[in-house]
Amino acid sequence: MAKSRALITGITGQDGSYLAEFLLAQGYEVFGMIRRSSTVNFERITHIQDKISLVTGDLLDEVSMINVLKQTKPREVYNLAAQSFVQTSWSQPVFTGETTALGVTRLLDAIRTVDPEIRFYQASSSEMFGRVLEVPQNEATPFYPRSPYGVAKVYGHWITVNYRESHQMHAISGILFNHESPRRGLEFVTRKISNGVARIKLGLESTLALGNLEAQRDWGFAGDYVKAMWLMLQQDAAEDFVISTGETHSVREFCEVAFSVVGLNWQDHVVVDEAFIRPAEVDFLVGDSSKAQRLLGWKAEVEFPALVEMMVRHDLESLRN
Ligand code: NAP
Ligand code: G4F
């Protein structure tokens, strides 16, 4: 039987690398869209590079995506590419909108032009709930984004719904709460902490500067979340889903657990630096993923303390080598 073909945008990112591994294990032929850069940044996919095919395209350029779709002929497209760092969205709001918002329209329209039967997954975000209007947040909770990134994701979400309703495309959004891993970018708070803890333990630094310690997030493991993306696209009906653990923890708690993994007290090392405080904050997120549990049979497997420990131990190990 012919292998199913999937195209992943953002394959060099955290989620792209885990999703590629997952789809390969399901027997897929995996294509990854990468953008041109002056140096290679394949660290997260080096271990599977001989099993996947990389094609060049950019969310800012619809022609490139039409060509990528014609070349790869996928049955499923996972749109994980985005300017995904919330803090940067204040200093680059137009770029964030071009990529994270309009990029979704360009890709959807390229699919409509080349093959409207392709199934489409959009990486929507709990950041869309922003100043939350309901606790916990589910698929029906109204959005109130608090950053240019959040605003761009709301656009990406609704244009996906719109292409589904206007053009009868099988286009869906996964509204994913924060998910982390040892492959998380170093600028995000969890990896910044796990890396900071490892550096302090090894005597390379003595302090870790952070912003708002009281912000609360529903943190899960990225490896669990990519499975949910795939399950969503296998459903007969095109519907959106919230994916979360249902538990929330503060940045302060993350620090406590992370430092305790290596026998240190976080209060001896963490300092607050105004530079990391955001112009508008998302104070509290906690998701209700009961729809995913009911219809997809999905639930988060890795719990908070295990996630923190996995990240700290990985950073310790890689700094030692
Ligand atoms: P990430 O590690 O920052 O990866 C982003 C990917 O997008 C990278 O591969 C990047 O390529 C690519 N990209 C950026 N701009 C592009 C462009 N103009 N054209 C083509 N590719 C471009 O993000 P992630 O954590 O894996 O997240 C994946 C997606 O889920 C993102 O859309 C994010 O906004 C969304 N999301 C993430 C979370 C989370 O907690 N991780 C939660 C909800 C939603 P380069 O390597 O070349 O930079
Ligand atoms: O790790 P963060 O930068 O993630 P944030 O802003 O929640 O966004 C991530 O999750 C979203 C899903 O809700 C994704 F859509 C998005 O793409 C991204 O993956 O910050 C988490 C919290 C914030 O409240 C921030 O103010 O940590 C707080 N924080 C405190 N000190 C810090 C720091 N964040 C960062 N990055 N760096 C700090 O020093």
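The values are calculated or read from the model by the stated rules, or taken from the named source; none is laboratory data. Since the model is a prediction, treat every value here as computed from it, not as a measurement. Counting neighbours? That spans all protein chains shown, and the Cβs are built from the backbone with ideal geometry, glycine included. Protein only, heavy atoms only, side chains kept; ligands, DNA and RNA dropped before computing areas. Shrake-Rupley method; radii C 1.70, N 1.55, O 1.52, S 1.80 Å.
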task = Give the residue that is farthest from ligand 1 (Cβ to nearest atom), with candidates limited to residues of region 195-217 that are of a type in the set (Gly, Ala, Ser) and under 14 Å from ASP273 (Cβ atoms).
result = ALA209
task = Those residues that are among the small types (Gly, Ala, Ser) and buried (at least 19 other Cβ atoms within 10 Å of the Cβ), I need them from region 12-47; list them, please.
result = GLY13, GLY16, SER17, ALA20, GLY32
message = Can you pull out every residue in region 227-253 that is out of contact with any helix residue (DSSP H, G or I) (no Cβ under 7 Å at 6 or more places or on another chain), in a helix (DSSP H, G or I) and open to solvent by 10 Å² or more (accessible area, probe 1.4 Å)?
response = GLN234, ARG252, GLU253
ask   = Quick one: what pairs do we get from region 92-113, first residue in the same structural domain as GLN168 (by TED's automatic domain parsing), second basic (Lys, Arg) and crowded, with 17+ Cβ neighbours inside 10 Å, C-beta under 8 Å, 6+ apart or different chains?
value = THR100/LYS153; ALA101/LYS153
key: Matching option when the condition is within 12 Å of ligand 2 (Cβ to nearest atom) and under 30 Å from VAL114 (Cα atoms), among ILE175, ILE193   = ILE175
task = Return the pairs, sorted by first residue and then second, in which the second residue is among the acidic types (Asp, Glu), the first residue lies in region 73-89 and is more than 7 Å from ligand 2 (Cβ to nearest atom), the beta carbons are less than 7 Å apart, and the residues are 6+ apart or on different chains.
result = LEU80/ASP15
Residue that is most open to solvent (accessible area, probe 1.4 Å), among those in region 196-226 that are more than 12 Å from ligand 2 (Cβ to nearest atom) and of a type in the set (Asp, Glu) = GLU205
note = Checked region 98-107 for anything open to solvent by 10 Å² or more (accessible area, probe 1.4 Å) and of a type outside the set (A, V, I, L, M, F, W, C); matches are GLU98, THR99, THR105, ARG106
note = Checking ALA110, ALA82, ALA140 in turn, the sole residue that is small (Gly, Ala, Ser), open to solvent by 30 Å² or more (accessible area, probe 1.4 Å) and over 19 Å from the mean Cα position of the chain (by Cα) turns out to be ALA140
query = Which number in (1) crowded, with 17+ Cβ neighbours inside 10 Å; (2) among the hydroxyl-bearing types (Ser, Thr, Tyr); (3) not in a strand (DSSP E or B) marks the one condition that TYR121 misses?
reply = (3)
inquiry  = If I ask for residues that are touching a strand residue (DSSP E or B) at 6+ places or on another chain (Cβ under 7 Å), more than 7 Å from ligand 2 (Cβ to nearest atom) and in a loop (DSSP other than H, G, I, E, B), which ones from region 178-190 would you list?
reply    = SER181
inquiry  = Checking the conditions here, which among PHE129, PHE95 is out of contact with any helix residue (DSSP H, G or I) (no Cβ under 8 Å at 6 or more places or on another chain), open to solvent by less than 30 Å² (accessible area, probe 1.4 Å) and not small (Gly, Ala, Ser)?
reply    = PHE129
task = Only residues that are assigned to a helix (DSSP H, G or I) and polar (S, T, N, Q): list them for region 254-273, please.
result = SER260, GLN267
ask   = Within the bounds of region 101-110, is there any residue that is in a loop (DSSP other than H, G, I, E, B) and touching a strand residue (DSSP E or B) at 6+ places or on another chain (Cβ under 8 Å)?
value = no
ask   = Filter region 48-61 for residues that are open to solvent by 60 Å² or more (accessible area, probe 1.4 Å) and not in a strand (DSSP E or B); which is nearest to ligand 1 (Cβ to nearest atom)?
value = LEU60
ask   = Quick check: is even one residue across region 152-172 part of a loop (DSSP other than H, G, I, E, B), within 22 Å of LEU264 (Cα to Cα) and open to solvent by 70 Å² or more (accessible area, probe 1.4 Å)?
value = no
